[in-house]
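Asks: Here you go, one structure.
The values are calculated or read from the model by the stated rules, or taken from the named source; none is laboratory data. Keep in mind it's a predicted model, so treat the numbers as computed, not measured. Neighbour counts are summed over all protein chains in view; Cβ atoms, including those assigned to glycine, are modelled from backbone coordinates with ideal geometry.
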Amino acid sequence: MRLPPLVLVLLLLSSAAQAELDSFGLGTGRDGPLTVNSRRTINLAMRMPLGASRGARVLSVEAVTAPAVGSLLLIHQTQGFASSTPSGGTSPTSPGSVGSWEMARVSSVTAGSPMVIQLSAPLINNYDAPGSQAVTVPEYTTVSVASSGALVAPPWDGSSGGIVAFLASGAVTNDGSINADGAGFRGGAFTQNTSRTNCTGADLPTSQGGAFKGEGLVVDRYGSASGRANLVNAGGGGVCKDAGGGGGGHRGVGGVGGRTAPTDGMRDMGGQGGVEMGYTIVYSILMGGGGGAGEGDSGDGSSGGAGGGVVMVRARSVGGGGTFSANGAAAAASGGGDGAGGGGAGGAVIVRTTGSLDCTQALVQGGAGGNAPSSSFQTGPGGGGAGGVLLLHGKSVTCPGSHAGGAPGTAGSSGGSYGATVGAIGEMKQFIFPYETPTTPVITEPVVNTTVSTRPTIRGVADPGMRVIISVDGVRVAEVGAGTTGDFVTVLDPPVPELDVGTHVVTAVSESMGAYSRPSSQVGFDAQSQAADAGLQIPVIVVPAEGEVTGPTPYIAGVAGNARTVGLYVDNREEAIVVADSMGRFRYDIPANSPLAVGPHKVNAHGHDVDDNSSASSPDTRFEVVLPDPDAGSPTPDAGGSDAGTSGPDAGSGDAGSGVVREVPVLVVPAEGELVDPTPLFAGVAQPGATVSLDVDGARVATVVADATGAFRHTLAAESALTSGAHAVSASMLNSESGTPGPKSPDTGFQVRGPTALDVGCGGCGASPTGAATAWVLLIGVAALLRQRRRQVSGVRVTTPRPMRGPPAR
């Protein structure tokens, strides 16, 4: 099968969320059909007091009822911000690993306190305690919810709950409600304070006039945190005389609570709204934040509303006249002269089908702030809760969604908001193509039972446009994008640790919009340190330099000792194989008909000998492509100098880690017979840290120090510009004590172009001018600048997003 291509999403490894990588699809139907005629809870929520580590197969849970062997669990990091997290956050805020989830199947259960559950596969994510839970996920054939029926989430109790989830291999007919309304993080509880005025404080204790904040992603603070400031997505409490509580936050910011009473100057001391959480619903799930409580001294104030929980449904089709919802709860009205609480934020609703998806409405609305209706006193109403997030995915989708923020409460008989504000809207995503499990990828390299290097190349075929996750011995080592033909390739380069010598197995899984394939067949191979056996040396790339700026068709050059050919990987392109000369020198030009896109790129190289053994790969060299800029003016000041273009100290080990000893430098740039500018680049490889003398026509023009990889580079300054015609350059290493030169490299002959040989179209030559001593040198300098600009980006490492394609435009 061929699935719709992917939307470009930048991901942390921790955000890819499934053990066994959620290839469970629509489930097995093991629980048969389900008919619901009344309000019903189907999920067992279990606290995980010890958390769980990535790679573990055992969960310790607190539960009265044991999940059945063979049943499916959803494991979720519901909270996880440290209790020391400061209040008063601003939007948007990343949840980090909080919200990570995965599914896993139960293989055995051992009763006890805690209960021990054995899983059929290792976990993909880490789960911290407190804040993590496991929820059973029934697998039905069909589900029918009558108009009188409702499937609801068990409320979050501070350690578990808030999620209603099931899979259906057949149709879901919902004429009632499937909801987690008000089942998320709890609202701050109202407590009666002593009457106080002129007080303020982000974390003001209740004894000094603060009201309790709502609950959110921060652990162990519910019922103890008070004061006006939000606590991440939890709304702040009203502070001082009868101020209103703030609304909870989720995919928007919660509304601010109303002002203090006129006897306290009507000050803006209402609770702050919870912050907006910035994340992608495809890979993480959060519940709505709770609203903060209103402040009061007469016992008539109200608590904050609870946030919405999580609804997750996957089925062959969904129909009926019912609703799916995870709305935040509205705060109750206050009485007498006290402030009211803020509304809870909307939660998350995820409904995915392989066929049609029809419903009356899907809702993740924020709850309204509480009213302060007293006509005798003017007191603060609550702020509205923020909207949540909807994901509706099917071959066709006819299901209107609402992710509106909650309205603020009103004050007195006038009906005004008295400083309370509305919660911000949330987010809605629709994918109009079938939800399907991707085709299982096939690994084509290494071949089963072959011997490869300890940094092997891994190739295979998957559905075009898929994100492919590659694991060795069960540990994820790489993520790559499959190209238009479905081919994918990666080399296990740093920072991935080198494989130990011995036997290993590699597998791959494809992913599209959170749907994962079954793992590929395991391919066993033997890793050996082939570079040492074959005499191959780790290649050293000298052009481009780390952080260099080039045109769209630069060349790549370096040295690979004892290699017959060199394999180059530029980003995720197919391997380019070039022949190395007798000195190990290699050079590859990016084809003019396949230029590099503007932006960051990377390249690495590995050598092959006559028996096709491979060396380890060089560290990535990262560079940036820009378009030629005719108005750029003169080159950047650091384009020349004795260390111009050298790689930084963190460029990798190169020869420094290979035990290679070089007695004679190898010049790589210019190539023999090359036509260059009057201020050319000279580059090559020597012993790491050595001082290298560069001699043109027998006279020393510069000394330069080789970097940690052995690479050295020098661009002649304008005052040293060479005359047009034939020249020769050689290099030798200087004795560290006497300064006398050692054996020199063979002369490399080259030609310096005259004032008419501008050749401005080369698009990325290895020579770059640094200035002009005469008018004709200036002309040539400008022409070269049109071909390529260089700069050093000190201390900056640029990563390149894998190219992935998005769903068809609607």
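Asks: Which of the following residues is surrounded by 24 or more Cβ atoms within 10 Å (Cβ to Cβ) and farther than 30 Å from residue 358 by Cα: 158, 201, 246, 223?
Replies: Within the list 158, 201, 246, 223, the selection yields 246.
Asks: Which residues, taken from the stretch 259-275, are surrounded by fewer than 24 Cβ atoms within 10 Å (Cβ to Cβ) and either part of a loop (DSSP other than H, G, I, E, B) or in contact with a helix residue (DSSP H, G or I) (Cβ under 7 Å, 6 or more places away or on another chain) (or both)?
Replies: 265, 266, 267, 268
Asks: Quick one: residue 184 ticks every box in (1) over 29 Å from the mean Cα position of the chain (by Cα); (2) assigned to a loop (DSSP other than H, G, I, E, B); (3) in contact (Cβ under 8 Å) with a residue 60 or more places away in the chain except a single one, so which number is it?
Replies: Going through (1) over 29 Å from the mean Cα position of the chain (by Cα); (2) assigned to a loop (DSSP other than H, G, I, E, B); (3) in contact (Cβ under 8 Å) with a residue 60 or more places away in the chain one by one, residue 184 breaks only (1).
Asks: Hey, residue 108 hits all of (1) part of a loop (DSSP other than H, G, I, E, B); (2) modelled with pLDDT of 95 or more; (3) of a type in the set (Ser, Thr, Tyr) but one; which does it fall short on?
Replies: Condition (1) is where residue 108 drops out.
Asks: In addition: Return yes when residue 212 is farther than 23 Å from residue 335 by Cβ and at pLDDT 95 or above and no when it is not.
Replies: No, not satisfied.
Asks: What's the total number of residues in the stretch 676-702 that are crowded, with 17+ Cβ neighbours inside 10 Å and in a strand (DSSP E or B)?
Replies: Step one: list which residues in the stretch 676-702 are crowded, with 17+ Cβ neighbours inside 10 Å, which gives 676-688, 690-696, 702.
If we keep only those that are in a strand (DSSP E or B) as well, we get 676, 681-685, 691-696, 702.
Total satisfying the criteria: 13.
Asks: Also: With 178, 281, 285 as the choices, which residue is within 30 Å of residue 358 (Cα to Cα) and part of a strand (DSSP E or B)?
Replies: Working: 281 fails: part of a strand (DSSP E or B); 285 fails: part of a strand (DSSP E or B).
Of the residues listed, the single one that is within 30 Å of residue 358 (Cα to Cα) and part of a strand (DSSP E or B) is 178.
Asks: OK, next. Only one residue in 595, 619, 630 is assigned to a loop (DSSP other than H, G, I, E, B), modelled with pLDDT of 90 or more and out of contact with any Lys or Arg (no Cβ under 8 Å at 6 or more places or on another chain). Which one?
Replies: Testing whether each residue is assigned to a loop (DSSP other than H, G, I, E, B), modelled with pLDDT of 90 or more and out of contact with any Lys or Arg (no Cβ under 8 Å at 6 or more places or on another chain) leaves just 595.
Asks: Name every residue in the stretch 205-218 that is buried (at least 23 other Cβ atoms within 10 Å of the Cβ) and part of a loop (DSSP other than H, G, I, E, B), in order of residue number.
Replies: 209, 211, 213, 214, 215, 216, 217
Asks: Okay, moving on. Taking the stretch 467-487 as the region of interest, how many residues are among the basic types (Lys, Arg) and at pLDDT 90 or above?
Replies: Final tally of qualifying residues: 1.
Asks: Modelled with pLDDT under 50 and crowded, with 19+ Cβ neighbours inside 10 Å - does that describe any residue in the stretch 737-752?
Replies: No, there is no match, as no residue in the stretch 737-752 is modelled with pLDDT under 50 and crowded, with 19+ Cβ neighbours inside 10 Å.
Asks: So, one more: If you take the residues of the stretch 505-527 that are buried (at least 23 other Cβ atoms within 10 Å of the Cβ) and of a type in the set (S, T, N, Q), which of them is modelled with the highest pLDDT?
Replies: 510
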